[in-house]
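The values are calculated or read from the model by the stated rules, or taken from the named source; none is laboratory data. Predicted, not measured: the structure shown is a model, and the values here were computed from it. Cβ sites come from the backbone with ideal geometry, for glycine too, and all protein chains shown count toward neighbours. The protein model used for the area step is the full one, side chains on, heavy atoms only, and it has no ligands, DNA or RNA in it. Shrake-Rupley method; radii C 1.70, N 1.55, O 1.52, S 1.80 Å.
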Amino acid sequence: MNHKEALDREEVIDFVMSCWDEDAGAFGAHPDHDAHIHSTLSAIQILIMQDALDRLDVPRVVDFILSLQQESGVFSGDSFGEIDTRFLYCAVNALSLLGQLDKLDVEKTVGYIRKCRNFDGGFGACIGAESHAAMVWVCTAALAILDRLDEIDHETLGWWLAERQLPSGGLNGRPEKLEDVCYSHWVLSSLSILNKLTWIDAEKVTAFILSAQDLEHGGIADRPGDQPDVFHTQFGVAGLSLLGYPGLNDLDPVYCMPASLIERMGLKKGWQALPRRTN
Amino acid sequence: MVEALEAKKLKEHAKLKEYLALTDEVIVKKNGRDWSRDAFDLTTRVLHVNPEFYTVWNYRRHILVHGIFPTRSVLCTPPEINEILTTDLSLTTAHLKQHPKVYWIWNHRRWCLENVPVGPTEDDPDGWRRANWNKELFVVERMLDADARNFHAWNYRRYVLASTPVQRAEQAELTYTTRKIEANFSNFSAWHQRSKVLTSLWDSGKLDIKKSKEDEYELVKNAMYTDPGDQSVWIYHRWLVEPGNDYEILRREITSIQELLDEQPDSKWCMESLVFYHRLQLRNHSSRLTDTDKQGIVQRCLQLLNDLQAVDSPRRQRYIDLSTEVQKLA
Ligand SMILES: [Zn+2]
């Protein structure tokens, strides 16, 4: 939204660094919390956006990430071993941002995603799990980073994603479920990676996201009338950006980061957003 | 009114202060590698207030592994370990009732189950494991009674079925999905599970694939006629038909959907599915079709896609793109 200066750079960097877990060699969600792959990716993303990657002990973080890959190819979130395609995406994304993808066993990693693919074209959290928009996004984005979108049945997945739109204009995460603003990000980013954003009604999703705004205090909620939070605000804005909403910066749907930054790093993939409107 | 609100605020403030003090205390103990029983009890209190505090779940397991279990005294014999883990399983059951979607609670449960010791006796080394695992299906079924679409519960269910020491017949799982589907045709989670169970039963030869598929067509047809707008049913039907190698079945299903469309001329899912199955016809069985047949089918698809643009306008562009694809099959 072009207001990076709203947060003090030094404070942001100091906070991120205070989340470092020296025992594990990675970041926790908060100072004194244990290292986890999810917060480690967030830390890397923030440091890159603040142009402060020199503060990072790259070899240790890479060791931490690689140590989490399991025999099956999936990643666990931490040393206790909860596995999930979300963590696989965190690993692929982080290694790519750090320029360390050559250290990853790509075949093994892609092999696990392939086993999570369902007949409806989508992906779940682990082998056997039902397709879910969030896991569809993490698997699609991971495959995009690894240049392996050929693993996806584009027409079937595009169909499944397009059917996430409900008469209200909002998107749901699975068949016959309620709409929620956070799915805007997951569904729209996936469609954008498949170059099929035109398969839903952009105007109606835009109107739905805007209707979940709190006009008095700012922020976006999960659906109209509910309490806004940072999580749904981020995902709502991300969705609006891909839909070409005026005045927003371009979002890279693969990395969920500013598109200009990813392009400068030479990591841009072949996704397509809707053209930015001027009014 | 104002006083009541003020009192509520004060109470909430006090609660928050108490929680923050607890948090500080637990972090100090954790940083000092305190693996005592006191520290363990403290984690119970913190997790009771905030079950999302993953670091404290980790700390709790560290206390058990490094502090409590290794004390092979009278206090921590295998029966005692089994009892501690059984108690933790009950604790997480209570947590789950309040927070059915917190990943960390489901995880802790798995960890407990996987760490149940061998015993009670040499003659019955699986006794404790069996006793603990046997409760799991019951727990997960209560969770699915409360929310039949909870994907945490479904994933956990598949994990339990795959890992339990005494394997259950797969047919029982098929029966379970029938029950869930009959309670609510829209429950796609149950349809999904059914597709996985059936694939396994067919692959292992435990069910006759031909006969079993016919039963499935019957079940789906029933559901389609009950609510032709329910996409769960149509997605499952597509799975049943694919890859569409059996020409007679493909034709029969097309005819049957056409009949439903005649009754419900606006049914988007009838039209969408007809286009899909007609395309399978053209792609997989073109040798059986004359040129006139093919032209007819292509024209029919184009007509349906045109109608779909009107009845389902949000996805208009998709139908336009599909029209281009269909023309390539002419
Ligand atoms: Zn949400």
Within segment A:143-156, is even one residue within 16 Å of the ligand (Cβ to nearest atom) and within 14 Å of chain B (Cβ to nearest Cβ)?
-> no
If the Cβ limit is 6 Å and pairs must be 6+ apart or interchain, which residue in segment A:262-279 that is touching a residue at least 40 places away in the same chain (Cβ under 8 Å) pairs with which residue that is in a loop (DSSP other than H, G, I, E, B) and open to solvent by less than 50 Å² (accessible area, probe 1.4 Å)?
-> A:LYS269/A:VAL254; A:TRP271/A:PRO253; A:LEU274/A:LEU243; A:LEU274/A:GLY244
Considering only segment A:21-60, how many residues are within 14 Å of chain B (Cβ to nearest Cβ) and either of a type in the set (Ser, Thr, Tyr) or out of contact with any Gly (no Cβ under 6 Å at 6 or more places or on another chain) (or both)?
-> 14
Answer yes if at least one residue in segment B:146-153 is away from every other protein chain (no Cβ under 14 Å) and either closer than 19 Å to B:LEU198 by Cα or modelled with pLDDT of 95 or more (or both), and no otherwise.
-> yes
Can you spot a residue in segment A:102-112 that is within 12 Å of another protein chain (Cβ to nearest Cβ), touching a residue at least 40 places away in the same chain (Cβ under 8 Å) and closer than 28 Å to B:SER195 by Cβ?
-> no
Taking segment A:139-151, which residues are among the hydrophobic types (A, V, I, L, M, F, W, C) and open to solvent by 10 Å² or more (accessible area, probe 1.4 Å)?
-> A:LEU146, A:LEU149
Out of segment B:173-192, which residues are open to solvent by less than 10 Å² (accessible area, probe 1.4 Å) and over 20 Å from B:LYS213 (Cβ atoms)?
-> B:ASN187, B:SER189
Where residues in segment B:201-248 are more than 14 Å from chain A (Cβ to nearest Cβ) and hydroxyl-bearing (Ser, Thr, Tyr), which of them is most open to solvent (accessible area, probe 1.4 Å)?
-> B:TYR225
Among the residues of segment A:200-211, is there at least one that is open to solvent by less than 60 Å² (accessible area, probe 1.4 Å), within 16 Å of the ligand (Cβ to nearest atom) and within 14 Å of chain B (Cβ to nearest Cβ)?
-> yes
For A:ILE220, indicate whether it is under 21 Å from A:THR140 (Cα atoms) and β-branched (Val, Ile, Thr).
-> no
Neighbours by Cβ (under 9 Å, 6+ apart or cross-chain): first from segment B:1-27, open to solvent by 100 Å² or more (accessible area, probe 1.4 Å); second in a helix (DSSP H, G or I) and not small (Gly, Ala, Ser) | B:LYS15/B:VAL49; B:GLU18/B:VAL49
Hey, any hits in segment B:84-91 for a residue that's among the small types (Gly, Ala, Ser) and either touching a residue at least 60 places away in the same chain (Cβ under 8 Å) or open to solvent by 60 Å² or more (accessible area, probe 1.4 Å) (or both)?
-> yes
Over segment B:28-47, the set of residues open to solvent by less than 90 Å² (accessible area, probe 1.4 Å) and not in a helix (DSSP H, G or I) is B:GLY32, B:ASP34, B:TRP35, B:SER36
Counted residues, segment B:287-324 - those being of a type in the set (Lys, Arg) and within 14 Å of chain A (Cβ to nearest Cβ) | 3
Does segment A:181-198 include one or more residues that are away from chain B (no Cβ under 14 Å) and in contact with a Ser or Thr (Cβ under 7 Å, 6 or more places away or on another chain)?
-> yes
Where residues in segment A:212-222 are open to solvent by 10 Å² or more (accessible area, probe 1.4 Å) and part of a loop (DSSP other than H, G, I, E, B), which of them is nearest to the ligand (Cβ to nearest atom)?
-> A:ASP222
For B:THR177, which of the numbered conditions (1) at pLDDT below 95; (2) within 13 Å of chain A (Cβ to nearest Cβ) fails to hold?
-> (1)
Name the residues in segment B:180-196 that are more than 10 Å from chain A (Cβ to nearest Cβ) and not basic (Lys, Arg), would you?
-> B:ILE181, B:GLU182, B:ALA183
Using beta carbons and a limit of 6 Å, which pairs, at least six apart or on different chains, have the first residue in segment A:171-188 and on the phi > 0 side of the Ramachandran plot and the second one part of a loop (DSSP other than H, G, I, E, B) and more than 10 Å from the ligand (Cβ to nearest atom)?
-> A:GLU176/B:SER186
Extreme residue, nearest to the ligand (Cβ to nearest atom), among residues of segment A:161-181 that are among the hydrophobic types (A, V, I, L, M, F, W, C) and surrounded by fewer than 24 Cβ atoms within 10 Å (Cβ to Cβ) | A:LEU178
Considering each residue of segment A:231-265, count those that are within 14 Å of another protein chain (Cβ to nearest Cβ), open to solvent by less than 30 Å² (accessible area, probe 1.4 Å) and within 16 Å of the ligand (Cβ to nearest atom), and give that number.
-> 0
Which numbered condition A:PRO228 misses (of (1) out of contact with any helix residue (DSSP H, G or I) (no Cβ under 6 Å at 6 or more places or on another chain); (2) under 21 Å from A:ALA141 (Cβ atoms); (3) within 14 Å of the ligand (Cβ to nearest atom)) = (2)
Would you mind stating whether B:SER273 is of a type in the set (Gly, Ala, Ser), within 23 Å of B:GLN303 (Cα to Cα), within 14 Å of chain A (Cβ to nearest Cβ) and buried (at least 19 other Cβ atoms within 10 Å of the Cβ)?
-> yes
If you go through segment B:48-76 one residue at a time, how many are basic (Lys, Arg) and open to solvent by 50 Å² or more (accessible area, probe 1.4 Å)?
-> 1
